[in-house]
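Notes follow the structure.
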Amino acid sequence: MPPLSLFNTMTRAIEPLTPADPPQVRLYCCGPTVYNYAHIGNLRTYIFEDLLRRTLKFNGFDVHHVMNITDVGHMTTDADAGDDKMEVAAQREHKSPWELARFYEEAFFHDTSLLNIERPDVTPRATEHVPEMIALIERLEANGCTYVTSEGVYFDTSRDEDYGKLARLQLSEQRQGARAEVVEDVTKRHPSDFVLWFLNKPTHIMHWPSKWGEGYPGWHIECSAMSMRYLGETFDLHCGGVDHIPVHHTNEIAQSESATGHPFVNCWLHGEFLLMDSEKVSKSKGGSVNTLQSLIDAGYDPLAYRYFCMQAHYRSRLNFSLDALDAATTGLRRIYSLSPESDTLARGREDWMEARQEVLDAINLDLGIPTAVGLLNGYGSFSLWREFDPILGLKLDERKHQSAETLPPEAQRIREQRAAARAAKDWKLSDGLRDELIAMGYEVLDSADGDIVRRKLI
């Protein structure tokens, strides 16, 4: 079997996975900033990371997965400019930052549960790891990599000869764009320098004592401190969205390697954007379908969105539309309607084993999920879909079990009336009865072998 290979953003090449301590794989993923509901663009990234985790486990690796919760220090830009997102949202909703963080953290995990995303092994909160951040800043200070202004403790990027290597940045070409406003008595030494510890926000509700003064951590230092706390100073895999490459992940690498003197991460993976009307989908865009709940309210199954995300490779942009989600819904229904009795590939036979290997090879080549899904649809084998459901996470067994459950008398009566209407080709009546079942909380799937009526999972 070919080894699992992944595209390493650092080298711009697909490389065999070579964990430092096999079979253990240490994986870190940048988690949510819990100031609002997760948008569907963010959720695409978490689905990609879930597929990665599941693929690692399917290949026999013991995955130790850490994902942070950012509940302080993430500014309204990805650099140092503006206000803390948590502070802004707390004022907007008239809650304390802690109340706000817990509310949206719970909402985030509710969404990921509906999408059948496995929960990471450790989900550290930034506010509970400030001592580790201060200790890391002190290491950087001892190595001569920091300076202090009235604004805060800065990382001096000129002290890192390889600064920007992940994004292939040249310091001389970087713009001052990391600052939304200029403070007259404060001048950064270099445009790319970034804040490790904020000191100039006296009204900020969340603050901690430090040797430099009362303040709070910058966003970038959080991920370095928490990832190294739980995974060690060098670990195997680090994931996030492509928007993290030029600033957040670049700064993580600079501060981590300047503190320890050795490589931070062996392989970097980044998921591409979800686009709507050719624009990146983000919380700031608003709109009627920018959260998972908005899709649910429109009648879509969360797993249909998960399946939709499998239609494009994680390193390719994916265009979102309700028409595309409708097509994914139809495809998912077709999978659920597959019958074990009519399976043309018998599990364990030579042709089944060859098909299994073909699908696995596709997945193991940089998470070629779209290719694998195309192969599975071509084979039309329920047992083959079931074999790879531990990776795909479409809950085939659970949905099959649901479809076999006995319906309550009223739902069964409507189902029988609908079957009669379909037999009589009375499509208007059939559609009306279908709407009644949906209003009662059922999902109705039609196939050549008949219909399936079952409770929605949401």
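The values are calculated or read from the model by the stated rules, or taken from the named source; none is laboratory data. Quick caveat: nothing in here was measured; it's all calculated off a predicted structure. When we count neighbours, we look across all protein chains shown, and the Cβ atoms used for this are built from the backbone with ideal geometry, even at glycine. The protein model used for the area step is the full one, side chains on, heavy atoms only, and it has no ligands, DNA or RNA in it. Shrake-Rupley method; radii C 1.70, N 1.55, O 1.52, S 1.80 Å.
Tabulated data for the structure shown
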quantity	calculated
Crossing angle, helix 219-231 versus the chain [Cα axis fit, 0-90 degrees, rounded to tens]	70 degrees
Relative counts (whole %) of C-alpha pair distances in the range 1-158, using bins that are 10 Å wide	9, 29, 32, 24, 6, 0
Share of carbon and sulfur in the accessible heavy-atom surface of the chain [1.4 Å probe, %]	50 percent
Lys/Arg +1, Asp/Glu -1 at C-beta; the chain dipole; positive extreme among 302, 255, 452	452
For residue 147, distant residues with modelled amide H under 5 Å away	154, 156
Cα-based convex hull, the chain, per residue volume (Å³, whole number)	155 Å³
Angle between the chain longest axis and helix 97-114 axis [Cα atoms, degrees, rounded to 10]	30 degrees
Helix 369-379 axis, angle to the chain major axis (alpha carbon atoms, nearest 10°)	10 degrees
Nearest-20 debye value, the range 303-391 charge dipole, Cβ charges on Lys, Arg, Asp, Glu	320 debye
Fraction of beta bridges assigned by DSSP in the chain that are antiparallel (%, nearest 5)	55 percent
Cα-centred dipole magnitude for the chain, charges only on beta-carbon of K, R (+1) and D, E (-1), debye, nearest 20	860 debye
Computed helical MRE - 222 nm, the chain, DSSP H runs ≥ 4 contributing -39500 (n - 2.57), nearest 500	-12500 deg cm²/dmol
Gyration tensor (Cα) of the range 239-391, equivalent ellipsoid semi-axes in angstrom	34, 25, 11
Charge-dipole axis of the chain as Lys and Arg at +1 and Asp and Glu at -1 on Cβ define it, positive-most pick from 244, 206, 38	38
Residues of the chain: accessible area per residue with a 1.4 Å probe, Å²	43 Å²
